[in-house]
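Each remark here refers to the structure printed beneath this line.
Values quoted throughout were computed directly from the atomic coordinates according to the rules given, and no laboratory measurement underlies them. Keep in mind it's a predicted model, so treat the numbers as computed, not measured. Cβ coordinates were reconstructed from backbone atoms using ideal geometry, including for glycine residues, and neighbour counts include every protein chain displayed.
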Amino acid sequence: MTRLAPLILTLLVPVAACEVADADELQEAETTVEYVDPRSPADGDVLPFSGAVWVGNTLHLSGTLGVEDGRVPETAVQEAANVLDNVKATLENAGLTMDDLVSVQVYASDVGDYDAFNSVYRTYFTREFPARAFLGSGTLLFGARFEVTGIAVRK
């Protein structure tokens, strides 16, 4: 083991030096905060959340529903398309695409809608799928079947 120690140190020192050189840039990027579709108490009677928030190069998307004019679509497939269209619109408003998502959480009032959701979800990506959770949530706001939130990264 002692013969390997100098080799390991030789390999680690250049990597550590590179990481230190980029640390200041990384910290500055991570502390920059910008709101997408911002809302605040000054806006009056609006829903109390912004559409998304940039923290450095990472975009945190608020939960999104697929209801239409306060009504739940007739089918789970149509609602899945609506909710994913809303996610896509928020991403585009931030200058990103669905392929920039790295993590997605899907809350479903009925996990029996899993296949219907996936049949639509697959069509929104052209590259690798992001990490994802599909969670049974019980009742969602406005009687929705799905609520989707996620994290995207500017590459």
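Per-structure values
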{"read-out": "Three-way shape call for region 76-155 based on the alpha-carbon gyration tensor, with the a/c threshold at 1.5", "value": "prolate"}
{"read-out": "Per-residue HN-Hα couplings for region 140-153 [Karplus 6.51, -1.76, 1.60; θ = phi - 60°; Hz; x = Gly/Pro]", "value": "10, 3, 6, x, 5, 7, 10, 10, 10, 9, x, 10, 10, 10"}
{"read-out": "Those residues of region 115-144 whose amide nitrogen sits under 16 Å from the label point placed on residue 99, 7 Å along Cα→Cβ", "value": "122-131"}
{"read-out": "Peptide ranges 45-54, 126-135, 59-68, 113-122 listed from the most packed, as the mean C-beta count within 10 angstrom indicates", "value": "59-68, 113-122, 45-54, 126-135"}
{"read-out": "Computed lengthening from residue 125 to residue 46, 0.36 nm per intervening residue step minus Cα-Cα distance", "value": "25.3 nm"}
{"read-out": "Rounded to whole Hz, the Karplus (6.51, -1.76, 1.60) HN-Hα couplings of region 116-126, x for glycine and proline", "value": "4, 4, 4, 4, 8, 3, 4, 7, 8, 10, 10"}
{"read-out": "Chain lengthening between residue 132 and residue 74 when straightened (0.36 nm per residue, less Cα-Cα)", "value": "18.4 nm"}
{"read-out": "Using θ = phi - 60° and Karplus 6.51 cos²θ - 1.76 cosθ + 1.60, couplings along region 39-44 (whole Hz; Gly, Pro as x)", "value": "9, 8, x, 5, 7, x"}
{"read-out": "Extension gain, residue 139 back to residue 33 (0.36 nm per residue minus Cα-Cα distance, nm)", "value": "34.9 nm"}
{"read-out": "Packing-based exposure ordering (other Cβ within 10 Å, fewest first) of 148, 153", "value": "153, 148"}
